[in-house]
Every structure is written in C-alpha cells, then in structure tokens.
1. Determine whether GLU129 is farther than 25 Å from LEU229 by Cα and modelled with pLDDT of 80 or more.
2. Can you name every residue in the stretch 218-252 that is assigned to a strand (DSSP E or B), open to solvent by less than 10 Å² (accessible area, probe 1.4 Å) and of a type outside the set (Val, Ile, Thr)?
3. (1) touching a residue at least 60 places away in the same chain (Cβ under 8 Å); (2) closer than 29 Å to THR352 by Cβ: which one isn't true of SER285, the others all being true?
4. Test ILE140 against the stated conditions and say whether it is under 29 Å from SER226 (Cα atoms), without any contact (Cβ under 8 Å) to a residue 60 or more places away in the chain, under 20 Å from the mean Cα position of the chain (by Cα) and assigned to a strand (DSSP E or B).
5. Give LYS3, LYS14 a once-over and let me know the one that is at pLDDT below 90 and buried (at least 17 other Cβ atoms within 10 Å of the Cβ).
6. Applying the selection to the stretch 308-332, what residues are more than 16 Å from SER238 (Cβ to Cβ) and open to solvent by 30 Å² or more (accessible area, probe 1.4 Å)?
7. Write out, first by first residue and then by second, each pair whose Cβ atoms fall under 6 Å of each other, whose residues are 6+ apart or on separate chains, and whose first residue, in the stretch 107-119, is closer than 16 Å to PHE48 by Cβ while the second is among the acidic types (Asp, Glu) and modelled with pLDDT of 95 or more.
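The values are calculated or read from the model by the stated rules, or taken from the named source; none is laboratory data. A quick note: this is a predicted structure, and the numbers were derived from the prediction, not measured. In this analysis, Cβ positions are derived from the backbone assuming ideal geometry, glycine residues included, and neighbour counts consider all displayed protein chains. Accessible surface areas use protein heavy atoms only, side chains included; no ligands, DNA or RNA. Shrake-Rupley method; radii C 1.70, N 1.55, O 1.52, S 1.80 Å.
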Amino acid sequence: MDKRHMLAAIDYFKTIDLSGALDPLTKALRREVIMQYAHWLIARKHTFAMLMVDIDNFKNVNDIYGHEVGDQVLYKAANYLIDVFGSSAVVGRFGGDEFLILMDGVEDYDVVWELCHRINLGAVDLTFEGYPTLALSFTIGAVRCPKDGDNFNDLFKLMDKALYRGKTKGRNCFIIYLPEKHKNLFASPKIKTDIDSMYLHARVFHMLNVSDDMQFNVKLAVDALSDYLMIDHLCVQSSKDIYYEHISPISKSQEFKFIDGSLIDETINSVGVFYVNKIEQLKKSSHAELYDVLAAQNIKSVLWCKIDCRDKTFGYLRADMADTIRIWQTVDMNILISAAKCIGMALYLRGTDLETKALPKEVPSAE
C-alpha cells in the first residue's frame, strides 16, 4: 500500500524525495524519516501529539507462528494504523514492532484520548487468514508538544514512561502522559521488572507457608496476586465449587460463578496452563460451549493454572478479566503457575484437599 500521495499533501514532505522514504516491509515511513519530521515540527514550534504504538507480544508471534507470519502481522498493523489516521497523521516504523505516530496541530487531551481509543477498539477486529487464534492488540504511550516538552529527547523519555505504564497495566491499553500521575514512573523497565518478579515469587511462597491454616494462606496469596497483577477476578476452585475468590472493587462485573474444569482439560498444555486473550477465539477453535459459559459471565479473557502435585489434581487457579481483553504476559503466567504449583504441593504434603464450601472474601492484610 503506497501512501506517498497522502504524504505529499503535507508541507514538510513536499520538500523531500519520497522515493526511498517508506519502510520496504510495512510501507510506513522509515525511522530516520519520521524522526526528521518530528525534529522539523519541534524546530518550527508546532503543536503536535506523538504516539508510540507497540504490538503486544510480537515475539510470541514469531516464536509460535514463524517470522513469515510475523512479517504479515507487521504489514497489517502498519497499514491498519495508516488507515485509521489517513492524512491526519504520519505513521513511521520506529523499531521492530514499534510505530511512531505524529499528529500535527493536535494537543487537546480528549482528542488524543479518542484517537488512541479508536486504535485499540478497531484492532480487536483484525484477523489473519489461516490463523484464527492469532489476535492483534497494541499498547500506546502518548505525549503532547509543547505541553510535555519542547525537544525530542524529553518528549521521547516521557512517551517511553507512558508506554511502560501501559505494559505494566496488562497491555492492550493506552497511556497519555500526565505529570501529576506519571512523572515518577521508570522509563527503563527491564531491571525493575526482573526484581519485582523475583520478589513476588518469594512473597507468594512465603504467604502460602505463613501458617498451618491453609485457608488463611490461600487468602493472602490470592488477594496479593490479584492486586499486584490487576486481575478482575482471581479464584481457587475445586472440582465442585469456588474455594476462595478475590474480585477487584473496580471490576465491571462483581459476580463470577464456578466453571467446570472439564471444559478446558482437553486443551490445557503440558505445564497445566490454559489461556485465551480474547474469548472470541474459542468460537473459531471448536470451544463454543466454553465461550458461552464465559460470555454469560461477561468474561473477556481468562487464564487457568492446574493445581496439582504428582498424580493428584486438586483444582485450578483461575484468572478472569471482565473490563477488557487482556494479553497475558509471560511474567503473569510464570507467577500464577508457581502459585498454583505451590498450593498443590502444600495440599499434597499436608494430606488435605480443597474444601468445596466457598470462603469469605475479606481477609487480614498480608503486610
């Protein structure tokens, strides 16, 4: 898809040679071209919005489907973004799976909010022929010039903070930088994320062994995990009932029901995990019954971890999202798998089982 004729209508691009301006794979602008345009806008003191759009879990696409499919995803993502904005913005490929968008003349928060919302809303409907379970979503960080900065480096650092905040919220979302909310965020998340993950694993193990009362231990761990990972509904359920559940007070749904684990047993993987980022994928993979059950509870995304030890299965640790679809991250899965295995091991060593009677939701603080 050649968009050079659209670019030619913009003052800056009337003065440059567009023959080599486009990225050969995605047909978005090349990195150096989009950055030169950003510097041009800043030098002329233009008001504009700048967005970094990151494809969620793109590495997993390459690992699972191969690089050829990954290239298709990049192409479709870029051209979707170009089509969303038309001639009202300029889209460039900044890095492997990151796109930089510049909207000249836009600074109003509500306008930027609507544009970011439009990107995420429409991405849900993108499909890939031959790959019905492949879903595309974006995490977006946005800043405004000159409101947030008057040079590229400062704007980029704040945009990176906003993007990182979106990733820590679970992805498939957008963050428009506001100093009163985001000025203390980390811009380089890798080390901090690793430290947080190690700390959380150790804390969960401690909570599951804090007392001889297994019910109390489970309450502490489930509450802490739900709050930290920002999960709408996290529960431990046996084969017959919900053992304990934590429902976020800001979840759109405040009522979740027991779901028969047999609905996911056939598709659970070798480490005892089943997840779906968008439940509509289930209709395309012969799981219509599970889809109906989840949809009836307004669940958009779900992740199950089997609670077992050796040859005995006790139940499941189940995470539900009702507010929006969630792109489950490796760090999410790792900690939930660890928690499920720790619960299973504790039950096995204690020679006990999950009681079928649901427990109360309110528990003392783990601090």
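1. yes
2. HIS233, LEU234, CYS235, GLN237, TYR243, TYR244
3. Failed condition: (2).
4. Numbers: under 29 Å from SER226 (Cα atoms): yes; without any contact (Cβ under 8 Å) to a residue 60 or more places away in the chain: no; under 20 Å from the mean Cα position of the chain (by Cα): yes; assigned to a strand (DSSP E or B): yes.
It is false that ILE140 is under 29 Å from SER226 (Cα atoms), without any contact (Cβ under 8 Å) to a residue 60 or more places away in the chain, under 20 Å from the mean Cα position of the chain (by Cα) and assigned to a strand (DSSP E or B).
5. Matching residue, one of LYS3, LYS14: LYS3.
6. In the first step, residues of the stretch 308-332 are kept if they are more than 16 Å from SER238 (Cβ to Cβ); the result is 310-311, 319-332.
Within the stretch 308-332, ARG310, ASP311, ASP323, THR324, THR330, VAL331 meet the criteria.
7. Within 6 Å, no pair qualifies.
Table: residues versus (1) farther than 22 Å from LEU22 by Cβ; (2) modelled with pLDDT of 90 or more; (3) of a type outside the set (Gly, Ala, Ser).
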site	(1), (2), (3)
SER87	no, no, no
GLY95	no, no, no
GLU107	yes, yes, yes
TRP113	yes, yes, yes
ILE119	no, yes, yes
LEU134	yes, no, yes
ASN153	yes, no, yes
